[in-house]
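The values are calculated or read from the model by the stated rules, or taken from the named source; none is laboratory data. Keep in mind that what you see is a predicted model, and the values were worked out from it rather than measured. Using ideal geometry, Cβ is built from the backbone for each residue, glycine included, and neighbour counts are taken over all protein chains shown. Accessible surface is based on the protein model in full, side chains and every heavy atom, while ligands, DNA and RNA are left aside. Shrake-Rupley method; radii C 1.70, N 1.55, O 1.52, S 1.80 Å.
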Amino acid sequence: MLHLPAGRDASPGQDVHRYERHRPEQSLFYQFVEQYYPAFVDRMAAQGATLPEYVQREFGDYLKCGRLEYGFLRVRCTDCHHERLVAFSCKRRGFCPSCGARRMAESAALLVDEVLPQAPMRQWVLSFPFQLRFLFAGRPAIMGEVLGIVHRVIATHLIKKAGLTHKTAHTGAVTLIQRFGSALNLNIHFHMLFLDGVYLDGKADAPPRFRRVQAPTSDELTQLAHTCAQRITRYLERQRLLARDAENDYLALEAVEDDPMHQLLGHSITYRIAVGPNQGRKVFTLQTLPARDPDEPFTNAVGAVAGFSLHAGVATKAHERKKRERLCRYIARPAVSEKRLSLTPNGNIRYQLKTPYRDGTTHVFFEPLDFIARLAALVPKPRVNLTRYHGVLAPNSHLRAQVIPGQRGRRTGDDCMDAGGRATHGAVAETAEEADRTAAAGHAAMTWAQRLKRVFKIDIETCDHCGGAVKIIACIEDPKVIEKILTHLNKQTACAKPVPLHESRAPPQAVLFDAP
């Protein structure tokens, strides 16, 4: 298990940091979860509710993440034979800060190296009303259909703006579905990295040509948000998930089956306390900045219609590779930032917002059990793909092999993966020739250790003592063997001889000089 600092790009002239084992048991976040998760489970049981198995597994695996007591690898230097232990990680997608940071770095490196073409890109962010966030949390399949609608709306806009049609032009995008907001609230929204233009079909022996389009205006974003809202609500009506009332407003119907997570999801979405004596009230906040003038214009264009908000103010040029990777890391970032977490004198959690709200709010406060409830609401259901590919970047696109920078060509099943590396049920069986090509490209791809060195300046392949190569020599999972090794190491540490100190001596005698 590695302790990953904030994302940084390692340049050739900078020193590489040494590996340091992450000790989660020493962090405030881990200690809080370890102390209050059992009490939260008991409170839920007293209310006649039981957490779903996938949520219980998330908490259980997190409490084992990075702990040597639950298994580790033994790695040894091939030259000086110096050994160290590397603890296992939980690899969960909910709230583990360390695994989330690892996934962030790995996803960004994969996108920049092997998926995103060397072309201008623009980030489109679409947020939804509270009712739809709740619906998407309970019905991930509906969320996928809605994402398809949104992609078609934006892709059609780009193609028409280029003066072309769907038969002659193609665009592409990668969507990372984020489930969290700055205040640890459940906020399902789409971060879509769209090509800032379209590809034109080239000749049989020539690659497709790229044509850039102008950035969207505020009026265009408002119109696109209106189109998305209209088409999404019509689709949900056809599915009998929404209905109109006499005043033409949309009301949520009973969309998902009854389960104990409903209360937690609903309170997290609406910024309310889920458990405890203050249940149902708004979370406590701290406002340390003056509220923003409502008449003050936005610096970036935003289209907002009926709770839908569409933003497209961040873009990268074709040659801005580092900026593109920073943007990828931003949209793939973990839900919880331990740096913004602190403990108040009365034992509550104080969480600093990444960006202050328009009313000046900079911090939110959680009671212990309500904080655990917030974490539980952030856990995605199993087998929900949180990374989607569209258009020319989709696995089945005939133009994909001609536009992506990687050498994997047209990948098949291994392209249909979520941020956690789990294959989706849309994977396609590959032929023997495609399997050989994929295997060869996999050897050429960067290893995780190489990505660590590149993004975080941490080198785990080199011995800290002599600079020799390091290799894995054993995987220890037997509890009895684990106990013996850790007991031996603890005794070694306790019995280590103290470093002898030099004998004290008097200060050097001063030499007095006669005045001239």
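Using mean Cβ contacts within 10 Å as the protection proxy, how do 30-38, 189-197 order, highest first?
The peptides rank, most packed first, as 189-197, 30-38.
How do 218-227, 91-100 rank on mean C-beta neighbours within 10 Å, highest first?
91-100, 218-227
Over the stretch 38-176, what is the mean sequence separation of C-alpha contacts under 8 Å (at least six apart), divided by residue count, expressed as relative contact order in percent? Don't jump to the answer; show the numbers that get you there.
Values: 70 pairs, mean separation 15.2, N = 139.
Once divided by the residue count of the stretch 38-176, the mean separation gives 11 percent.
Take peptides 51-58, 478-485, 390-397, 76-83 and line them up by average Cβ neighbours within 10 Å, highest first, as a rough protection proxy.
Going by the mean number of other Cβ atoms within 10 Å, highest first, we get 390-397, 51-58, 76-83, 478-485.
Counting pairs of alpha carbon atoms under 8 Å apart in space and at least six apart in sequence, what relative contact order in percent does the stretch 311-390 give?
Numbers: 43 pairs, mean separation 13.1, N = 80.
Normalised by residue count, the contact order of the stretch 311-390 is 16 percent.
So for the pair ASP478, THR217, with labels modelled 7 Å out along Cα→Cβ, what separation do we get in nm?
Going by the 7 Å Cα→Cβ label model, 7.4 nm.
How much length is gained if the chain between GLU320 and SER342 is pulled fully straight, taking 0.36 nm per residue apart and subtracting their Cα-Cα distance, in nm to one decimal? Kindly include the intermediate steps, with their values, before the conclusion.
On the way: separation 22, 0.36 × 22 = 7.92 nm, distance 3.60 nm.
Gain on stretching GLU320 to SER342: 4.3 nm.
Can you compute the modelled spin-label distance between LYS160 and ASP79, with each label point 7 Å from Cα toward Cβ, in nm?
6.4
Given a 1.4 Å probe, how much area per residue of the stretch 303-364 is accessible, in Å²?
Details: 3010 Å² over 62 residues.
Per-residue value: 49 Å².
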